[in-house]
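K.L.:
If you scroll down you'll find the structure; I have some questions about it.
Values quoted throughout were computed directly from the atomic coordinates according to the rules given, and no laboratory measurement underlies them. None of the values given here were measured: they were computed from a predicted structure. Cβ atoms come from the backbone with ideal geometry, glycine included; neighbour counts cover every protein chain shown.
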Amino acid sequence: MAYFPDDDDGRVLQDMAASGIDLSKPRAIDFMIDVKSESAGKRLTEDLARKGYSVQLEYDPGEPDFESGVDDEEDFGPSWTVYATVTIVPEYDELIARQKALNEIATRHGAKCDSWGTEN
């Protein structure tokens, strides 16, 4: 079995390998980027599209009782997310490099690359 670093990205790759996913083959990877507003998200999607990413901006209205004052970690408020998708071989170093590059672009828009994922 391949070695995976002991961090969040390494654990995701390890879980993928353990579930039988062939990590030597290219697959669509979705990078999730939290943005503060629709306008910032639109500008970010334009930048990322020029870099070759397939992009989508989505609004999530959050939990209906977010303003209730109940301190529940499951509750969250409204948010905007840019999904930047690229087809690559899911190698640890490549994923880390992509997240770093995405954060450099996202930071210019007051945003942050939060995570990544792929369909099984």
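K.L.:
State, as an integer percentage, the relative contact order of the chain based on alpha-carbon contacts under 8 Å between residues 6 or more apart. Don't skip to the answer; put the middle values down first.
P.N.:
Numbers: 183 pairs, mean separation 46.6, N = 120.
Dividing the mean separation by the residue count of the chain yields 39 percent.
K.L.:
Taking H as built 1.01 Å from N, whose amide H comes closer than 5 Å to the amide H of ASP114, not counting residues under 5 places away?
P.N.:
Amide H neighbours of ASP114, under 5 Å, 5+ apart: MET32, ILE33, ASP34.
K.L.:
Indicate the gyration tensor shape class of the chain (rounded, prolate or oblate), computed on the Cα atoms with a ≥ b ≥ c the square roots of the eigenvalues: a/c under 1.5 is rounded; otherwise a/b larger than b/c is prolate and the rest oblate. Show your work: numbers first, answer last.
P.N.:
Values: a/c = 2.30, a/b = 1.37, b/c = 1.68.
The shape class here is oblate.
K.L.:
A further question on this structure: Straight-line reach only, C-alpha to C-alpha below 18 angstrom: list the lysines that LYS100 could link to, leaving out same-chain residues fewer than 8 apart.
P.N.:
LYS51, LYS112
K.L.:
Show the residues, 5+ positions off or on another chain, whose built amide H is closer than 5 Å to the amide H of ILE29.
P.N.:
VAL86, THR87, ILE88
K.L.:
Report the local net charge at SER39: Lys and Arg +1, Asp and Glu -1, summed over other residues whose C-beta lies under 14 Å from its C-beta.
P.N.:
Working: positive: LYS36, LYS42, ARG43, ARG108; negative: GLU38, GLU46, ASP47.
Around SER39, the charge tally is +1.
K.L.:
Okay, next question. Could you give the angle, 0 to 90 degrees to the nearest 10, between helix 92-107's Cα long axis and the longest principal axis of the Cα atoms of the chain?
P.N.:
Approximately 30 degrees, to the nearest 10.
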